Amino acid sequence: MKAPRKIEAVWDQDTHDNSILVLEKEEGKLSLEEVKEFLAYSHNGAFKGDYVLIVRSEEAQEGEEHQGDQWGLYKVEPGAGCPVCGNEIPFYEVSGKIDRKIDLIKRMQAEMDHRAEVEEKAVQLITE
């Protein structure tokens, strides 16, 4: 899959010197699906990760017409807390437990596969 082409990304700082990824589309509105694809596939996946999106609900000022759209995204790092408020993010707690369980299942599957190979070779040696 390819990243949407009409989106530009620039790293910037907010008023509190936190890093923020600014995504901008010159014409039309950004959609969540477009942004997800862009983050996953652009620049060989350099923007992959989890983000907090700040949504502004302001309308354009009179006489000012916005042709495009702009979103600000804060990158969320595991264990670092929310980049906006600093509180712990429960998603990572749950996600970490799930990831550990998946890793355990994969290791158990690999061990079972290895045992099956050993048993198969043992049977071959016995029957030869």
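Restrict the check to segment 46-58 and report whether at least one residue is at positive phi, at pLDDT 80 or above and not charged (D, E, K, R).
Within segment 46-58, one or more residues are at positive phi, at pLDDT 80 or above and not charged (D, E, K, R).
Listed here are the residues, each with its yes/no results for (1) part of a strand (DSSP E or B); (2) at pLDDT 80 or above; (3) more than 24 Å from Ile20 (Cα to Cα).
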| position | (1), (2), (3) |
| --- | --- |
| Phe38 | no, yes, no |
| Gln67 | no, no, no |
| Gln70 | yes, yes, no |
| Phe91 | no, no, no |
| Ser95 | no, no, no |
| Ala110 | no, yes, yes |
| Glu117 | no, yes, yes |
| Ala122 | no, yes, yes |
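Say we look at segment 8-18 and pick out the residues that are at pLDDT below 90 and out of contact with any Pro (no Cβ under 8 Å at 6 or more places or on another chain); which of these is farthest from Gly79 (Cα to Cα)?
Thr15
Go over the candidates Glu24, Glu33 one by one and state the one that is assigned to a helix (DSSP H, G or I), among the charged types (D, E, K, R) and closer than 28 Å to Cys85 by Cβ.
The unique qualifying residue is Glu33.
The values are calculated or read from the model by the stated rules, or taken from the named source; none is laboratory data. Keep in mind that what you see is a predicted model, and the values were worked out from it rather than measured. Ideal geometry is used to build each Cβ from the backbone, glycine not excepted, and the neighbour counts take in all protein chains shown.
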